[in-house]
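Student: I have a structure I would like to understand better, so I am pasting it below and will then ask my questions one at a time.
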Amino acid sequence: MRRDVGIAFAGGGIKALSQIAMVEWMENQGITPLCVSGTSAGAMISALVSMRLNADEIFNEIKEAVIEIEQRKILKVSGRELLFNRSFKHGLIDNRKLEDLVIKICEKHGFKHIQDVKIPLAITAVDLYTGNLIVFVSHPDLYHNTHRRTQVISDISLAKAISASMSFPVVFGSVEYENMALIDGGVRMNAPIPMLRDYGAKKTLAITMRGEIASDEPLNRSVEVISRVYDLLAREAEYRHTSQADYLLNVPVVVDNIFDLDAAERIYQQGKSVITDQEQLLKTFFKKGLWDQMKGWFE
């Protein structure tokens with residue numbers, strides 16, 4: 001199997017659970033990616049992959065995080081918080097609640113700094129003030145930035161990089177870092193494929209979760225409206241970059257909103273179903289070409 005493939009994990013809220021099915025498939029095939037990248041919820045998945053956690057461990061971590069989000073009511077905001085607790089900016093919910101949750105996951109496995117991870121990792125966010133794409137990289141010596149209007153940062157905690165990328169606009173407050181206000185990377189690049197090329201990947205695979213837009217679904221609650229607006233923006237940003245991928249694996253997940261925590265198991269199983277359907281194509285993609293095999297004989 002090829003050793004020069006980079007995997008990009010797109011953002012999509014709870015829909016990103018379908019991506020774990022791809023992690024499981026790669027494990028079963030004995031495939032370790034050369035590098036990984038991720039945006040928003042995909043940033044969390046890609047970071048766990050870069051820690052070399054297996055699919056079961058990743059699914060359990062996300063499942064436990066979902067349970068904690070529900071128990072602590074992180075996605076709910078009270079009138080008192082709106083009126084009196086405004087030490088954060090640009091959103092309804094204090095992003096520190098999310099960051100604390102991510103810190104707990106990272107430190108549980110012994111990872112504090114982004115450069116601690118084992119597989120080269122790139123996570124994207126956006127500076128709300130300038131519109132610049134911010135790329136957090138774990139292996140700066142291997143990364144050669146070619147993307148315009150991009151700032152590369154490698155001196156940051158892993159949890160802060162992840163939570164910045166997951167700072168869903170308007171819902172979560174921005175992450176303050178130096179003189180920047182960082183928000184969800186999906187605003188500019190929901191499938192960070194160029195980052196894989198900048199790490200030296202010869203082949204790239206992007207995992208997205210684009211289903212048909214449910215035009216008949218009511219949009220009554222504010223979170224549903226925000227979710228739809230973000231989804232439309234992310235689609236356009238994603239289309240511009242997925243065309244650069246050598247293989248696009250799309251799991252057409254449809255949920256009422258990307259915070260639908262009750263749909264976790266169904267989404268994961270949907271990912272497994274799509275991979276089963278495309279298994280032969282995936283095996284062909286990961287198979288070494290003749291020239292690569294010949295080079296391997298002399299390594």
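Values in this text are rule-based calculations from the coordinates and carry no lab data. Just so you know, these numbers come straight off a predicted model, no measurement behind them. Using ideal geometry, Cβ is built from the backbone for each residue, glycine included, and neighbour counts are taken over all protein chains shown.
Student: Give me the net charge of K272's neighbourhood, meaning all other residues with Cβ under 15 Å from the Cβ of K272; Lys, Arg count +1, Asp, Glu -1. Mind showing how you got there, number by number?
Tutor: Working: positive: K15, R266; negative: E24, E27, D56, E265, D277, E279.
Taking every other residue near K272 into account, the sum is -4.
Student: Take the alpha carbon gyration tensor of segment 2-48, find the square roots of its eigenvalues, order them as a ≥ b ≥ c, and report rounded if a/c is under 1.5; if not, report prolate when a/b exceeds b/c, else oblate. If you can, show how the numbers build up before the last one.
Tutor: Values: a/c = 2.85, a/b = 1.54, b/c = 1.85.
Oblate is the answer for segment 2-48, as a/c is 1.5 or above yet b/c matches or exceeds a/b.
Student: With the crude spin-label approximation of a point 7 Å out along Cα→Cβ, what separation in nm comes out for D155 versus K272?
Tutor: It works out to 4.6 nm between the two label points.
Student: Okay, moving on. Between I93 and residues 5 or more places away or on another chain, which pairs have amide H atoms under 5 Å apart, with H built 1.01 Å from N, and which residues are they?
Tutor: Distant-sequence amide H within range of I93: F172, G173.
Student: For segment 90-199, what D do you get in µm² per second when you plug the Kirkwood radius from alpha-carbon pairs into Stokes-Einstein at 37 °C and 0.692 mPa s? Before the final figure, lay out each step's value.
Tutor: Working: Rh = 13.9 Å.
Rounded to a whole number, D works out at 237 µm²/s.
Student: So, counting K/R as plus one and D/E as minus one, what does the shell of residues with Cβ under 12 Å around D246 add up to? Don't skip to the end; give the middle numbers.
Tutor: On the way: positive: R2, R197, K202, K203; negative: D4.
Taking every other residue near D246 into account, the sum is +3.
Student: Give, as a single signed number, the net charge of other residues whose beta carbon lies under 11 Å from the beta carbon of H147, with Lys and Arg counted +1 and Asp and Glu -1. Before the final figure, lay out the partial values.
Tutor: Numbers: positive: R148, R149, R188, R197; negative: D198.
Charge balance in the 11 Å sphere: +3.
Student: Still on this structure: Past 31 Å, Cα to Cα: identify those pairs from K63/K283; K118/K272; K160/K202; K108/K283; K15/K108, in the order given. It would help to have the intermediate numbers written out before the result.
Tutor: Numbers: K63/K283 29 Å; K118/K272 26 Å; K160/K202 29 Å; K108/K283 34 Å; K15/K108 24 Å.
Where the Cα-Cα span goes over 31 Å, the pairs concerned are K108/K283.
Student: On to the next question. Filter the trypsin sites (Lys or Arg not before Pro) in segment 102-188 down to the DSSP loop ones having no more than 15 other Cβ atoms within 10 Å, then list what survives.
Tutor: Details: sites: K104, K108, K112, K118, R148, R149, K160, R188; in loops: K112, K118, R148, R149, R188.
When the trypsin sites (Lys or Arg not before Pro) of segment 102-188 are filtered for loop state and at most 15 Cβ neighbours within 10 Å, K112, K118, R148, R149 remain.
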